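First the structure, in the form of structure tokens, and then the observations on it.
The values are calculated or read from the model by the stated rules, or taken from the named source; none is laboratory data. These numbers come from a predicted model, not from an experiment. Neighbour counts run over all protein chains shown; Cβ positions are idealised from the backbone, glycine included. Each accessible area value is taken on the protein alone, full model and side chains, heavy atoms only, with ligands, DNA and RNA left out. Shrake-Rupley method; radii C 1.70, N 1.55, O 1.52, S 1.80 Å.
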Amino acid sequence: QLGVGPEFYGHGIVEQTLGGRVRGTALLMERLEPLGDTWADIDSRKLLDDVARLSRECFHNDVRLQNVLRRGPVPVLIDFDLMSTWCLKVAVTSDCIEHDFRALLEPLG
């Protein structure tokens, strides 16, 4: 809906019944390609434009090159599991320092 990230086609339940029992959610998304070794100024502009567009609605909280793939020549931000509408999270080793900005930001719209 925000025009960033991979195309999302749907979701469903995957259940393993042979050799054990596992049940989980599967997300169906487009296949993206590795970032590769080349990076140009236009890639930086596209990525920063996407981050700016996304930041009007939420905090991604994990913007780094390891979370960028390509759709053809275009960089695409991925890995939205730390995304939050109100909380800014700063990664510290395997944990995060979090601050909730709801009281500050919600009155602004």
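Can you find a residue that is free of Cβ contacts under 8 Å to residues at least 12 places away in the same chain and under 15 Å from the mean Cα position of the chain (by Cα) anywhere in region 10-23? No - not one qualifying residue is present in region 10-23.
Taking the criterion of being of a type in the set (A, V, I, L, M), surrounded by fewer than 11 Cβ atoms within 10 Å (Cβ to Cβ) and out of contact with any strand residue (DSSP E or B) (no Cβ under 6 Å at 6 or more places or on another chain), the residues of region 3-48 that qualify are 13, 18, 40.
Filtering region 61-82 to residues that are at pLDDT 90 or above and either under 23 Å from residue 109 (Cβ atoms) or in contact with a Phe, Trp or Tyr (Cβ under 6 Å, 6 or more places away or on another chain) (or both) leaves nothing. Only residues that are open to solvent by less than 40 Å² (accessible area, probe 1.4 Å), within 10 Å of the chain's Cα centre (by Cα), free of Cβ contacts under 8 Å to residues at least 40 places away in the same chain and under 23 Å from residue 95 (Cβ atoms) were counted in region 49-85, giving 4. Determine whether region 47-61 contains at least one residue that is over 17 Å from residue 3 (Cα atoms), of a type in the set (A, V, I, L, M, F, W, C) and outside any strand (DSSP E or B). No, the conditions are met nowhere in region 47-61. Quick one: is residue 35 under 21 Å from residue 79 (Cβ atoms), under 20 Å from the mean Cα position of the chain (by Cα) and not in a loop (DSSP other than H, G, I, E, B)? Judged against the criteria, residue 35 is not a match. For residues in region 86-109 being among the charged types (D, E, K, R) and outside any strand (DSSP E or B), which is farthest from the chain's Cα centre (by Cα)? Only one residue fits best here, namely 106.
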